[in-house]
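Visitor: This is the structure, below, for whatever I ask next.
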Amino acid sequence: MRYVLSWIPGSVDRTLMQSRAAQLCNLLGQQSLQVFAFSMLITPFEADATSAFPALVQIPVTLLTVLSLYLPARLHQVYRGRTPKAAPAQPLQFQHQPVALQQVELPALVGAVARAARLRTLRRNLNRSSAGTLTNVTSHQIYSTLLRMISTPREHYLTSCATRAPLRIGIVVECLDRVPAFAAKIIADIQASNFAEIGLVLEVNRQQPTATPHVLYRLYLRLDERMRPSNDPLAPLDCRDTLAGVEILQADLKVREGCGELSPANSITEIRSKKLDVLVALIGGPALIDLSGELPYGVWWLSPGDNEFYRGGPSDFWEIREHNPISAVTLCAAYAHTKDYLVLAKALFATEQTISVSRNRYLPYWGSTELIIGKLHDLHEFGWQLLLQTAKAATSYKGRRPLDGYPSNVEMASWLGPILVKKALSYPFRKKVVQHWKIAVRANAPSLFEPDTSHCGFRWIDPPKGHSWADPFVFEHESKYWLFFEDYSYETMRGSIACAEISDDGVVRGAPLVCLKKRDCHYSYPHVFREGSEILMIPESFESNSVDLYCCRRFPNEWVHDSILMQGRFVDTTLWQAEGLWWLATTSAEPAPGAGFLWLYYSSSLRGKWQLHPANPISTDIRTSRGAGRVFRDGNRLIRPSQSGAPTYGYSLTFHEITELTPQRYAERPMKTIGPEHWPGLAGVHTYNRNAQLEFIDGRTPVSLERLKSWRDANPDSADP
C-alpha cells in the first residue's frame, strides 16, 4: 500500500517531517497500522485537513475523523512493547519532490506521537490570544509548535533509545479484576513503553495471619469511607481486558514472619521458564524476596511510608497520628538471593492536614507511580550498574514500635477525642479562613541567604481590599525597577499578573498595572527575563495544562502569547543561563502540585531543542522540589531557591548552591532554610527574588475571609507584622 503526503507548509523542515512519518511507520511496522498513524497526525487539524493534505489517498477525511477519535485512547496498544524495526520494503511515496528519508531520534518520534494525540487541546490554547479573542490558527502553526514543544518526563520515560531486547516484566497482583487504580496506571505505563513487555501475571492468594482491628479503628474506617477522594488510588479496577493475551499463573502465597512461600511447588519453575527480567510486585513485595535470585534484576515493590520509620501498617495512618509532616513511598528491590534489599528511589510528600487516611494516601500513591517506569527506563537504556550506583542500602529501623500495626482503642481515643471535641466546640463560631499573602521588600541589606544574616528590615506592602499579592519578581528596564507579582482577587477566586514601578529604596510608585488576566485562568509566578532585545515571561498557569511563553509587545503591561513550551501540568517554571546553555527547571503537578517532582532541561537556545537532563528527577522531596524564584548568581556561586510544601503549602524557603551543572551531571548543596518564625504572625514564606539593591519575599497569614472583605483600603506601606 502506498501513502501520499502531498503538501507540507513551506517553512517547516520537509525532511524532518517526512523522516518522522517514515520512522513512525517503521516503528509500528504494519501497513494497517500506518493508516492509524497518519490519521492521528492529520485529523486533529480538522478544518485544515482537506486543504493541508488534499492528496492523501485511500483514506477519506470522514474516516480519518472517526479514527482520530478512536486512536488516542488506544495508542498504547499500537506500539507497546515494540522496538524499531527495519524499514518496510515499500517506502513511503511523496508527491512533488521525494526526499531521501533520514533517521530521527526515537524519543523525538514517540514524543511527537504522544503530543499529536493532544493536538485538539493544543489548538484550543493557540486560538486564545492574550486579549481572549480567537485567531485563525493554521496547520502550519500547529506543526511548528509540535516541533518546538519540549518532551514531558512521561513521554521521555516511555521511550528508550537502547537497541537491546525489551525487558520482560512479571506483575504480581492479588486479584486481576480488582487491581488498585494506582497499580493499574503502573501496568498501563509498562504496556505503553517501547522497552518493556509483560510476560507473566502472577495472581496470588495471600495467606497471612492478621490481627483484627480494634473497635474504635473499625468505626474510624467507616467514617473515613465518607471522606475518600473521588479519584481514590485504591479504587479497584478490572484489568482482565488490559492484560488479555498475557499468561496468568495462580498461586497461594503463605506468609509467616515476613517470609513467603509459593504453592504449588512448581510455581517457581513456571516463573523461571518465562525468562523474566524483573518481577514487579504490586502486592506482597517483601514476602517474595526469595524469588529475587530467579530473575536477573530481582523483585521490585513499592513500600508505602518511609520504611526507616514505618513498617507494617496501616499505610499512611501513623504519619497522621504522630503528626509527622512527611508521608513517603519507597521503591525497593531485592536480587541475588539476598535477605536485604536496596532502595532504588524514595519520594516524600506532605502529610495532609486531615484525620482521613484515605485523603493522606492520595498524593503518595498517585505521585509515586512514575518511580517504577522511570527506573525500568533507566535499566533498559543505561543498564543495571547505573541503578546500583544510585541506589541506597536499606537502613536500620528507627520507628517507635517494633512493627507498626492497628492502633489500640486507647491510641484512637487519645488522638481523635480532642480533635472531635475541639471541632464540636468551634462549630457554632466557624468562619472561612484563607491564607492571605503579602509582599515584603528591604533595601541595601546583607543578603538573606548568607549565614547569620538578620531577618529584620523588611517592609510589608498591604494589597488593596479584596486582594492578596504574592510571587514577587523584580526586573530592571531602562534604569527603572519594576515589580511583577501575582494579584489574587477574592471576588473572582482567580489570580492575574500585575506590575508596578518600585523605587531604589523599595517604595511602590503608582497603582499596579494589569499584565495578564483571563476570566477562566489563574496566573501566578511571573518569571520575567530577557533574551537579547526581547523581554519574555513564563507565568504559572496550572489550569491551562501547558507551560506558555509570553513576549512583551509594549513594556510593562502589553504581553502576547509567543509559544507553548510544554504540554501538561507543571508549576513554578524557572529559566536561567549558565555555562553557555539555557536551563529550565519545572515541577510536575499530576494529579496535583503536591505530588510533583523537580525536572531539569537544557538547550543551546531558548527556542531550540530541549534535552531532559540524565540526573532527573532532581528532587522527589516536597520540601525542595518546587521553585521559589529566580536561579541567580552571587559572585562565583549559582543559587537555586526552593519552597517547602510541608507541613503546609508554601511553608519555608531553602537556598541551594548548585555545585555541578553540566549536560551530564547535576549536584547541589543546601545553604540555609528560612521559615516563617522570623516574622511574628506569619504562617509561611515561599518566594525570594533580588537585584543589586533590593530583596523581596512574600508571606502568608491566616485571616478570615469576612475580615478581608471588610478591610478599608490601607496605606500601601506598613511596618513588620
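The values are calculated or read from the model by the stated rules, or taken from the named source; none is laboratory data. These numbers come from a predicted model, not from an experiment. Glycine also receives a Cβ, built like all others from the backbone with ideal geometry; neighbour counts cover every protein chain displayed.
Visitor: Within region 248-265, work out how many residues are in a loop (DSSP other than H, G, I, E, B) and surrounded by fewer than 12 Cβ atoms within 10 Å (Cβ to Cβ).
Guide: So the answer is 3.
Visitor: Condition check: surrounded by fewer than 23 Cβ atoms within 10 Å (Cβ to Cβ), acidic (Asp, Glu) and free of Cβ contacts under 8 Å to residues at least 60 places away in the same chain. Does residue 476 satisfy that?
Guide: So residue 476 fails the test.
Visitor: OK, next. How about region 278-310: which of its residues are within 22 Å of residue 180 (Cα to Cα), in contact with a helix residue (DSSP H, G or I) (Cβ under 9 Å, 6 or more places away or on another chain) and not in a strand (DSSP E or B)?
Guide: If the condition is that a residue be within 22 Å of residue 180 (Cα to Cα), in contact with a helix residue (DSSP H, G or I) (Cβ under 9 Å, 6 or more places away or on another chain) and not in a strand (DSSP E or B), then 282, 283, 305, 306, 310 are the ones that fit.
Visitor: Restricted to region 311-323, and to residues that are of a type outside the set (Phe, Trp, Tyr) and not in a loop (DSSP other than H, G, I, E, B), which residue is modelled with the lowest pLDDT?
Guide: Going through the qualifying residues, I end up with 312.
Visitor: Sticking with this one: Can you list residue pairs whose Cβ atoms sit under 8 Å apart, with the first residue in region 369-391 being touching a residue at least 40 places away in the same chain (Cβ under 8 Å) and basic (Lys, Arg) and the second being part of a helix (DSSP H, G or I) and surrounded by 15 or more Cβ atoms within 10 Å (Cβ to Cβ)? Count only pairs 6 or more apart in sequence or on different chains.
Guide: That search, which allows pairs on different chains as well, returns 375/387.
Visitor: Just one of (1) within 29 Å of residue 669 (Cβ to Cβ); (2) in the same structural domain as residue 654 (by TED's automatic domain parsing); (3) surrounded by fewer than 20 Cβ atoms within 10 Å (Cβ to Cβ) trips up residue 492, so point out which.
Guide: Only one criterion in (1) within 29 Å of residue 669 (Cβ to Cβ); (2) in the same structural domain as residue 654 (by TED's automatic domain parsing); (3) surrounded by fewer than 20 Cβ atoms within 10 Å (Cβ to Cβ) is unmet by residue 492, namely (1).
Visitor: Within region 350-373, does at least one residue satisfy the condition of being assigned to a strand (DSSP E or B) and under 15 Å from residue 594 (Cβ atoms)?
Guide: yes
Visitor: Only residues that are under 22 Å from residue 472 (Cα atoms), charged (D, E, K, R) and in contact with a strand residue (DSSP E or B) (Cβ under 8 Å, 6 or more places away or on another chain): list them for region 638-680, please.
Guide: 640, 657, 672
Visitor: On to the next question. So for region 621-637 (the condition being in contact with a Phe, Trp or Tyr (Cβ under 7 Å, 6 or more places away or on another chain) and either modelled with pLDDT under 95 or not in a loop (DSSP other than H, G, I, E, B) (or both)), does at least one residue qualify?
Guide: no
Visitor: Of the residues 690, 669, which single one is at pLDDT 95 or above, among the charged types (D, E, K, R) and surrounded by 13 or more Cβ atoms within 10 Å (Cβ to Cβ)?
Guide: Exactly one of 690, 669 is at pLDDT 95 or above, among the charged types (D, E, K, R) and surrounded by 13 or more Cβ atoms within 10 Å (Cβ to Cβ), namely 690.
Visitor: I would also like to ask the following. Please work out if residue 447 is among the hydroxyl-bearing types (Ser, Thr, Tyr) and without any contact (Cβ under 8 Å) to a residue 24 or more places away in the chain.
Guide: In short, no.
Visitor: Let me ask something else about it. If I ask for residues that are out of contact with any Ser or Thr (no Cβ under 7 Å at 6 or more places or on another chain), assigned to a helix (DSSP H, G or I) and under 30 Å from residue 609 (Cβ atoms), which ones from region 150-187 would you list?
Guide: Those that are out of contact with any Ser or Thr (no Cβ under 7 Å at 6 or more places or on another chain), assigned to a helix (DSSP H, G or I) and under 30 Å from residue 609 (Cβ atoms): 154, 155, 156, 157.
Visitor: Report, ordered by the first and then the second residue, all pairs with beta carbons closer than 8 Å, sequence separation of six or more or different chains, a first member in region 260-272 that is in the same structural domain as residue 288 (by TED's automatic domain parsing), and a second member that is loosely packed, with under 15 Cβ neighbours inside 10 Å and of a type in the set (Ser, Thr, Tyr).
Guide: Filtered contacts from region 260-272: no entries.
Visitor: Follow-up question, since we're still on this one. Which one is farthest from residue 647 (Cα to Cα), of the residues in region 324-349 that are among the β-branched types (Val, Ile, Thr) and modelled with pLDDT of 90 or more?
Guide: Selected residue: 343.
Visitor: Does at least one position in region 430-443 carry a residue that is closer than 30 Å to residue 693 by Cα, among the aromatic types (Phe, Trp, Tyr), part of a loop (DSSP other than H, G, I, E, B) and touching a residue at least 40 places away in the same chain (Cβ under 8 Å)?
Guide: no
Visitor: Kindly evaluate residue 592 against the criterion of being among the small types (Gly, Ala, Ser), within 17 Å of residue 627 (Cα to Cα) and surrounded by fewer than 21 Cβ atoms within 10 Å (Cβ to Cβ).
Guide: yes
Visitor: Pull up region 379-408, narrow it to residues that are assigned to a helix (DSSP H, G or I) and loosely packed, with under 12 Cβ neighbours inside 10 Å, then point me to the one that is nearest to the chain's Cα centre (by Cα).
Guide: Only one residue fits best here, namely 389.
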